[in-house]
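Please treat every number below as a calculation from the coordinates, not as lab data. Note that the structure is a prediction, hence the values are computed from the model and not measured. Glycine also receives a Cβ, built like all others from the backbone with ideal geometry; neighbour counts cover every protein chain displayed.
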Amino acid sequence: MLKIKIKTNKVAFSLPVPYTILKAGSTIIGSKKFQIQMHKWANQNNKQYQIPAALFTTLLNRQLLNELIRELSRHKGTLLVDARLQDGTEVMIKL
């Protein structure tokens, strides 16, 4: 389970994200329709340099995303993000 903790000066909350939700998200991100839409969004305001569509199909590969989630589930307790800003905001993402 991925645990996201956000703490500000006024409020603090924790958001647990199960691996099944991550797998469902990877299925959506890895779909062909979503990759086509991402390509359109990436090239929407960029007229000089167009990002090739092959970039999205290789990086957002469904099999690669599922393998990444499987590896993350093997390393429980690892701290992925520990950010502390000057205004007192803290963000922690832990497996």
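On a 0 to 90 degree scale, rounded to 10, what angle separates helix 19-29 from the longest Cα axis of the chain?
Around 20 degrees separate the two axes.
Between V91 and M1, what length comes free when the chain is fully extended (0.36 nm per residue of separation minus the Cα-Cα distance, one decimal in nm)? Show your work: numbers first, answer last.
Values: separation 90, 0.36 × 90 = 32.40 nm, distance 1.66 nm.
Going from the current span to full extension adds 30.7 nm.
Mind ordering 37-48, 21-32, 65-76 by average Cβ neighbours within 10 Å, highest first? Don't jump to the answer; show the numbers that get you there.
Details: 37-48: 10.8, 21-32: 14.0, 65-76: 12.4.
Peptide ranking by packing, descending: 21-32, 65-76, 37-48.
Taking amide hydrogens as modeled 1.01 Å from N in the peptide plane, which residues meet the under 5 Å criterion relative to L2, leaving out close sequence neighbours?
V17, Y19
Among N46, Q35, L59, flag the residue with its Cα farthest along the positive direction of the charge dipole of the chain, charges on Cβ as +1 for Lys/Arg and -1 for Asp/Glu.
So the residue we want is Q35.
Remind me, relative contact order of segment 2-94 in percent, using alpha carbon pairs under 8 angstrom and six or more residues apart?
Numbers: 96 pairs, mean separation 35.5, N = 93.
It rounds to 38 percent for segment 2-94.
Nearest 500 deg cm²/dmol is fine: what mean residue ellipticity at 222 nm does the chain get from its DSSP H runs of n ≥ 4 alone, each adding -39,500 (n - 2.57), divided by its residue count? Write out the running numbers ahead of the final one.
Working: 4 runs with 42 residues, N = 95.
When only DSSP H runs of four or more count, the value is -13000 deg cm²/dmol.
For L15 and Q48, what does the FRET efficiency come to when R0 = 35 Å and r is the distance between their Cβ atoms, rounded to the nearest 0.05? Don't skip to the end; give the middle numbers.
Working: r = 39 Å, r/R0 = 1.11.
Calculated value: 0.35.
Helix 32-42: angle to the longest alpha-carbon principal axis of the chain, degrees 0 to 90, nearest 10?
90 degrees
Three principal axis extents, largest first, for the C-alpha atoms of the chain, in Å?
41, 33, 17
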